[in-house]
Amino acid sequence: MKHFLKHLLPASALIAVLWGGSAYAVPVDTLSASVSVSEQYNSAHGGPSVSGLIGGGTISGLSVPIGSLGSHHSAFTLNPAGTCSGGGCVGGSNGTETDLITFSFSNVKVNGGTPFSFSETGTFTAKYHGSELSCAVGDGVSPSSGQTDCLVWTGASNTWNGSTMLSESIPGTGNTLDVVFYNKTDWSVTPAIAFEVVDAPAVAEPSTFAILGIGVLGLIAFGRRATYR
């Protein structure tokens, strides 16, 4: 049996390398893109003002993990107007303002590849008086009455900790770029986003299976020799 184990370890190590490679590396891809925010009602018509756009509007060389969600990044900041007004306002100056936000990604490239584009929408709501918005309840920062607001992304639950994910195909690779958009509350909101790349399932080459088969046959042969000794 000891003789069998002596030969088992090198053979099994070979199979592990062929099958899975290193278990400790954290592979990443690089992401570049142009980003922008548009509103149904801009700040001149009662909507929030936009500042702090990620990368100043240009994402360059951002490291994105492969197979696991990366760190949170501040997407932009929405600052509500001083009073409720314009086309999105209901209830007068102390009423509730609603605005549709569109966050757009253009000229997106993963590892410098073929560019593509996508966008996500969200609803920004600012309540200037009274009980807090239901989307802000439980966030630990919004007052129970007074001024409260939320950005809730399309597809996310109407809660302060809701989120939604877009899965975009990366042209020419079979891989996918996942982007998670997180809701945000409090009077000046800065929603977060996170990225990951999901590789298409790898198909082993016939030669890899042949080498793997040789390794397995070797294990069987050593096992038989150890049994009869």
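The values are calculated or read from the model by the stated rules, or taken from the named source; none is laboratory data. Computed from a predicted model, the values in this text were never measured in an experiment. All Cβ positions, glycine included, derive from the backbone under ideal geometry; neighbour counts span all protein chains shown.
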Q: Only strands (runs of 3 or more DSSP E) wholly contained in segment 133-229 count here; list those with 2 or more residues that are modelled with pLDDT of 95 or more and within 20 Å of residue 117 (Cα to Cα).
A: 163-169, 176-182, 192-198
Q) Only one residue in 107, 94, 111 is farther than 23 Å from residue 196 by Cβ and either exposed (fewer than 14 other Cβ atoms within 10 Å of the Cβ) or not basic (Lys, Arg) (or both). Which one? A) 94
Q.
With the requirement that a residue be in a loop (DSSP other than H, G, I, E, B) and hydroxyl-bearing (Ser, Thr, Tyr), what does segment 46-76 give you?
A. 68, 71
**Q.** Condition met for residue 124 (of a type in the set (Phe, Trp, Tyr), farther than 16 Å from residue 184 by Cα and assigned to a strand (DSSP E or B))
**A.** no
Q | Only one of 123, 173 that is β-branched (Val, Ile, Thr), surrounded by 14 or more Cβ atoms within 10 Å (Cβ to Cβ) and either without any contact (Cβ under 8 Å) to a residue 12 or more places away in the chain or within 21 Å of residue 37 (Cβ to Cβ) (or both) | A | 123
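Residue-wise test of (1) in the same structural domain as residue 176 (by TED's automatic domain parsing); (2) within 21 Å of residue 118 (Cβ to Cβ); (3) of a type in the set (Gly, Ala, Ser).
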{"site": "67", "(1), (2), (3)": "yes, yes, yes"}
{"site": "74", "(1), (2), (3)": "yes, yes, yes"}
{"site": "77", "(1), (2), (3)": "yes, no, no"}
{"site": "80", "(1), (2), (3)": "yes, no, no"}
{"site": "86", "(1), (2), (3)": "yes, no, yes"}
{"site": "94", "(1), (2), (3)": "yes, no, no"}
{"site": "103", "(1), (2), (3)": "yes, yes, no"}
{"site": "106", "(1), (2), (3)": "yes, yes, yes"}
Q) So which of 131, 163 ends up being of a type in the set (Ser, Thr, Tyr) and crowded, with 17+ Cβ neighbours inside 10 Å? A) 163
